[in-house]
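These notes are about the structure you will find just below.
Just so it is clear, none of the values below were taken in a lab; they were calculated from the coordinates. Keep in mind that what you see is a predicted model, and the values were worked out from it rather than measured. Positions of Cβ are backbone-derived with ideal geometry, glycine not excepted, and every protein chain shown enters the neighbour counts.
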């Protein structure tokens, strides 16, 4: 049941839930007029905006897949997703469309959304960049010219999210529609893990093209929530929004915690965050020192889950469990199967590092769109992997070591950069850090650390190495240490580690 005042807030705009759903119903008929139907795709090149919700709900009502496109993508990457997904239409913010319009395949309908003022301000856009280009349908005008859809709704599929494409082009995760038979699993994943219940009050901090913010935001509105959109993450602004809107629920990534903790003490203490009841994070390892600091600040409301776009969330970890077992991402949720397997696909003993495989019963199955054969590459005995390495302790708690592709093999020894990053987060003056392997003629690979210092901090490469040496084995000390004012990041705040690695490998005439 929707609470009074339910709807979506973006900047100074407030769209009540009833109005949003009515606009989505008009958009449903508009998309149907283009021939969009069951099993089709509609690509969304949109930032966090009300139109994202309208278009997503409209596609779902027709049994079509909304396909969120990472708007950081270059022209060829956008073309790949639009073409590979077989999109019937592209709905795009005007400023984003300008750069890629000529790459959109012939025959694909294009609709422009006028970029709203709060997004224009956040990204420094001019008034002209916000406007719908001449000769292109304007989303608001076009959808409002149609009557609301009044026919039977099709079974609604989840958004088709494209994976990051670390190796090769991104792949679309095409999941079967959710039905009544999945109600118990939806309650576990949406209610227990994400904390999205009827009447939730939340801020969408991350970009809606990512799978977790997408599922979180869309569910919150449908369940009658009070949803606030951030055009881009800003730690001080988040604290202001939490207090102003009496926010109860957040979905975050660890980098956001790091940026919050880096705020001056007077800024951190200036806002009341006592309304928070369920803050859950995922997507990257969270250093135990960072987790502890957030729990000390916000209380035992900071939780964590582990899973992937393909699997859904399979583990959950409460604040209490995190403090008792620093570094764990929790135990399997109801209906989940989590196993650690060796290279041969055989289970390993507790405490032994291997590849993490998982499954969630009664969760709608998936395939890779147009590449069904690629699924077998990540599947063993019905379980799938996201390429993470980790181990289970004697009590079934999962600990992640690193991404399989991020693991560094130096002189035949496996090294997990995430372990070193966690240690360096405990060094005063380190705002953030990325550790990765670079080529070496003797050892194959050696470690490099790129550090983003906190404002005013005075750090040296030797200080960084000495800190690691004091906590870890000598072979885990980075050979190469450098400092940058800012690390390259995705809009979610996650570090683009590939951009840091690439120059070292390309200088050797090798790709990564």
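For Cα pairs less than 8 Å apart in space and 6+ apart in sequence, what is the mean separation divided by the residue count of segment 240-338, i.e. the relative contact order in percent? Show your work: numbers first, answer last.
On the way: 147 pairs, mean separation 21.7, N = 99.
It comes to 22 percent, rounded to a whole number.
The slack between residue 346 and residue 458, meaning 0.36 nm per residue of separation minus the straight C-alpha distance, is 35.5 nm.
Between residue 362 and residue 22, the contour length at 0.36 nm per residue exceeds the Cα-Cα span by 119.2 nm. Each Cα pair under 8 Å and six or more residues apart adds its sequence gap; the mean of these over the residue count of segment 59-206 is a relative contact order of 25 percent. In this simple spin-label approximation, residue 428 and residue 442 carry label points 7 Å from Cα along the Cα→Cβ vector, and these lie 3.4 nm apart. Neighbour counts of other Cβ atoms within 10 Å put 205, 286, 401 in the fewest-to-most order 401, 205, 286. Looking at the chain, the DSSP beta bridges with both ends there are about 55 percent antiparallel. In nm, what is the difference between 0.36 nm times the number of residues separating residue 395 and residue 243 and their Cα-Cα distance? Stretched out fully, the residue 395 to residue 243 stretch lengthens by 50.9 nm.
By how many degrees, 0 to 90 and rounded to 10, does the Cα axis of helix 17-33 deviate from the longest principal axis of the chain? The answer is roughly 70 degrees.
When the expected Rg is taken as 2.2 N^0.38 Å, what fraction or multiple of it is the alpha-carbon Rg of segment 408-506? Display every interim value, and only then the final one.
Details: Rg = 13.0 Å, N = 99, 2.2 N^0.38 = 12.6 Å.
Here the answer is 1.03, to two decimals.
Sorting the segments 110-116, 473-479 by their residues' average number of neighbouring beta-carbon atoms within 10 angstrom, most packed first, yields 110-116, 473-479. Compared with the dominant Cα axis of the chain, that is its longest principal axis, helix 50-61 is turned about 70°. Model label points for residue 277 and residue 14, set 7 angstrom from Cα along the Cα-to-Cβ axis, are 2.1 nm apart. Relative contact order for the chain: 11 percent, from Cα pairs under 8 Å spaced at least 6 residues apart, divided by residue count. Helix 211-222: angle to the longest alpha-carbon principal axis of the chain, degrees 0 to 90, nearest 10? Long axis of 211-222 versus the principal axis of the chain: about 40 degrees.
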